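The values are calculated or read from the model by the stated rules, or taken from the named source; none is laboratory data. These numbers were taken from a predicted model, which means no experiment stands behind them. Using ideal geometry, Cβ is built from the backbone for each residue, glycine included, and neighbour counts are taken over all protein chains shown.
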Amino acid sequence: MVRKLFRHEMAALWRILLPIELILLAISAFVRGFQIFESDHLAYGITFGIAVFVLVMLNLINLVAVVYIAVFRFYRHLFTAEGYLSFTLPITPAQHIFTKASAALLSQLAAVCVTVLSFMIVTAGDVFYEILRVFEYGSGLLQEFTQGHMVWYIVEFAALMLTSYISQILLLYACVCLGQLSRKNRVAMAIVAYFVYTVIVQILSSVLNVAVSISGHEGWFAINSPEELIVFIHGVMIALCVWSLVVSAIYFVISHTIMRKKLNLE
Amino acid sequence: MSEVLRLENVTKRYGTLTALDNVNLSLESGRIVGLLGPNGSGKTTLIKILNGLLTPTSGTATICGMKPGVETKKLVAYLPDNVFLNSWMRVRQIVSYFTDFYEDFRPELAYAMLEKLGISPDRRLKTLSKGNKEKVCLILVMSRNARLYVLDEPIAGVDPAARDYVISTIINTYNPQATVLISTHLIADIEQVLDEAIFIHQGHILMQKTVDEIREENGKSVDELFREVFKW
């Protein structure tokens, strides 16, 4: 059942995302093709500039659109008239949240891949080799600095990106659900819930930052050698991953409880 | 006949408003039952509880002996009082959606009914008229081989000619072993098909009798009795 729900979820997301991805790749190919006919003519410069601007904007939209579409879909599929069907399918609220978050994550990864592909198309040829050389040089420096820990840093960074993304999506889902507790203006209440939460988190993280700064190079955060710095970075990455998973679980429980016990479709 | 639905002391409050107050109800299989009451009487609240869309404040609701949940959703076919389908989907995609999620869904029956109505499965829902959208919803719900059909105001939004189609669809397609619970305030239109009537008012069940009992005991049709009971 989850597999079927996931398939329908992906179809619903990619109905909107696919045209964005195709337009992005088409404009990337256009920009690359345009470079072949390089000219000093003013019209060429203006057209090229506009094409690059559109390409950059589309790439930004592509990366942000998945989150927006996923959250909008979560709201529409579950809390508008469509919810009367969604919640009468033989599917649990947990399965709804899980499939929607998984589809959003997978779609985001696909969108990132398309952005990378777009970059590769635009820089195809000598420029790409130049970039590769710079990348190789940079990674050599990093390898030296991290004393052979770079692979682990990359793994930890990737894990952190994944867990952070999941926690952000689940946070937005939880805010949509919290908005449903209001009798009126449920979308507005969801936005208010998000901003209130964000402000509280900002205040708490500022306090934490100040505490860390004051403790300086003493106590828990004492770093007296490059080896200790390497361990410290590993510790921070792993702690952030664990933190993201913990808050994800909390957001999941909030959404699940509201969908199971406090559901009241309009 | 076996018991399909049971409500025991079910109360639902929204803040200070009591929508259902200590409701007790039992329905047996193989019957078409009218849930009749004026607007705001608690019909939709009761139906939402049966479908697991609301949790009662107190009391217990069971369908075939189970509390509303994943297992009961496999047994209950629910038609809400609004269009609940994705408007961007084609009718064929919606049929496929129902086939995927409901094991008791009969796609061949759905396609046959759509063809009879002249609705192409390739049309997107948003291109259909309001009346046809509602008919598609009804066709999908009645194409299930469910144990309990719960229809919330199935004829409220359609013209008199279409009402006959809706009623004949219900009669001709439902599983005779199942129970059909029809919520409406347009009693005259559905009275002919009812076996039983439940009057609900301000969250209380005022009466639950067979249509024959109502006619024999009161010498009135269900519609006439309803008008008398709920007279302003």
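Only a single item in (1) among the small types (G, A, S); (2) within 9 Å of chain A (Cβ to nearest Cβ); (3) farther than 19 Å from B:P154 by Cβ is not met by B:A77, and it is number (3).
Quick one: in the range A:77-101, which of the residues that are under 20 Å from B:V141 (Cα atoms), of a type in the set (A, V, I, L, M) and not in a loop (DSSP other than H, G, I, E, B) is farthest from the other protein chains (Cβ to nearest Cβ)? Restricting to residues being under 20 Å from B:V141 (Cα atoms), of a type in the set (A, V, I, L, M) and not in a loop (DSSP other than H, G, I, E, B), the top hit is A:L78. Scanning the range A:222-266 for residues that are surrounded by 13 or more Cβ atoms within 10 Å (Cβ to Cβ), of a type in the set (S, T, N, Q) and away from every other protein chain (no Cβ under 14 Å) yields A:S244, A:S248, A:S255. Flag not set for B:K12, criterion: among the basic types (K, R) and either in a helix (DSSP H, G or I) or touching a Cys at 6+ places or on another chain (Cβ under 7 Å) (or both).
If you go through the range B:53-71 and pick out every residue that is touching a Leu at 6+ places or on another chain (Cβ under 8 Å) and either at the interface with chain A (Cβ under 9 Å from one of its Cβ atoms) or over 27 Å from A:T92 (Cα atoms) (or both), you end up with 3.
Looking at A:A65, A:A81, A:A94, A:A43, which one is closer than 17 Å to A:L13 by Cβ and not β-branched (V, I, T)?
Answer to the selection: A:A65.
Counting only helices (runs of 4 or more DSSP H) that sit completely within the range B:100-184, those holding 1 or more residues that are at negative phi and within 14 Å of another protein chain (Cβ to nearest Cβ) correspond to B:130-142. Restricting the search to helices (runs of 4 or more DSSP H) fully inside the range A:148-266 and requiring at least 2 residues that are without any contact (Cβ under 8 Å) to a residue 24 or more places away in the chain and not hydrophobic (A, V, I, L, M, F, W, C) gives A:186-215, A:226-261. For the range B:70-82, the set of residues classified as buried (at least 17 other Cβ atoms within 10 Å of the Cβ), of a type outside the set (D, E, K, R) and not in a loop (DSSP other than H, G, I, E, B) consists of B:T72, B:V76, B:A77, B:Y78, B:L79, listed by residue number. In the set (1) more than 13 Å from chain B (Cβ to nearest Cβ); (2) surrounded by fewer than 18 Cβ atoms within 10 Å (Cβ to Cβ); (3) not charged (D, E, K, R), A:L55 fails one condition alone, (2).
It is to be established whether one or more residues within the range B:47-65 are within 22 Å of B:G131 (Cα to Cα), touching an Asp or Glu at 6+ places or on another chain (Cβ under 7 Å), outside any helix (DSSP H, G or I) and of a type outside the set (F, W, Y). Spell out how you get there, then give the answer.
Residues of the range B:47-65 within 22 Å of B:G131 (Cα to Cα): none.
Scanning the range B:47-65, I find no residue that is within 22 Å of B:G131 (Cα to Cα), touching an Asp or Glu at 6+ places or on another chain (Cβ under 7 Å), outside any helix (DSSP H, G or I) and of a type outside the set (F, W, Y), so the answer is no.
Tell me yes or no: at least one residue of the range B:196-206 is at pLDDT 90 or above, buried (at least 17 other Cβ atoms within 10 Å of the Cβ) and in a loop (DSSP other than H, G, I, E, B). Yes, the range B:196-206 contains a residue that is at pLDDT 90 or above, buried (at least 17 other Cβ atoms within 10 Å of the Cβ) and in a loop (DSSP other than H, G, I, E, B).
What about B:K43, is it in contact with a Gly (Cβ under 7 Å, 6 or more places away or on another chain), basic (K, R) and touching a residue at least 12 places away in the same chain (Cβ under 8 Å)? Break it down into steps so the answer makes sense when it comes.
Details: in contact with a Gly (Cβ under 7 Å, 6 or more places away or on another chain): yes; basic (K, R): yes; touching a residue at least 12 places away in the same chain (Cβ under 8 Å): yes.
Against the criterion (in contact with a Gly (Cβ under 7 Å, 6 or more places away or on another chain), basic (K, R) and touching a residue at least 12 places away in the same chain (Cβ under 8 Å)), B:K43 qualifies.
Residues that are under 30 Å from B:T45 (Cβ atoms) and surrounded by fewer than 16 Cβ atoms within 10 Å (Cβ to Cβ) within the range B:83-111 comprise B:S87, B:E103, B:D104, listed in sequence order.
Among the residues of the range B:159-178, is there at least one that is in contact with a strand residue (DSSP E or B) (Cβ under 8 Å, 6 or more places away or on another chain) and among the acidic types (D, E)? Checking the range B:159-178: not a single residue is in contact with a strand residue (DSSP E or B) (Cβ under 8 Å, 6 or more places away or on another chain) and among the acidic types (D, E). For the range B:1-34, what are the residues that are among the hydroxyl-bearing types (S, T, Y) and free of Cβ contacts under 8 Å to residues at least 12 places away in the same chain? Passing the criteria: B:Y14, B:T16.
Scanning the range B:154-182 for residues that are crowded, with 22+ Cβ neighbours inside 10 Å, of a type outside the set (A, V, I, L, M) and modelled with pLDDT under 90 returns a single hit, B:P154. For the condition part of a helix (DSSP H, G or I) and of a type in the set (A, V, I, L, M, F, W, C), A:A70 qualifies.
Checking B:F84, B:F98 one by one, the residue that is more than 30 Å from B:T11 (Cα to Cα) and touching a residue at least 40 places away in the same chain (Cβ under 8 Å) is B:F98 and no other.
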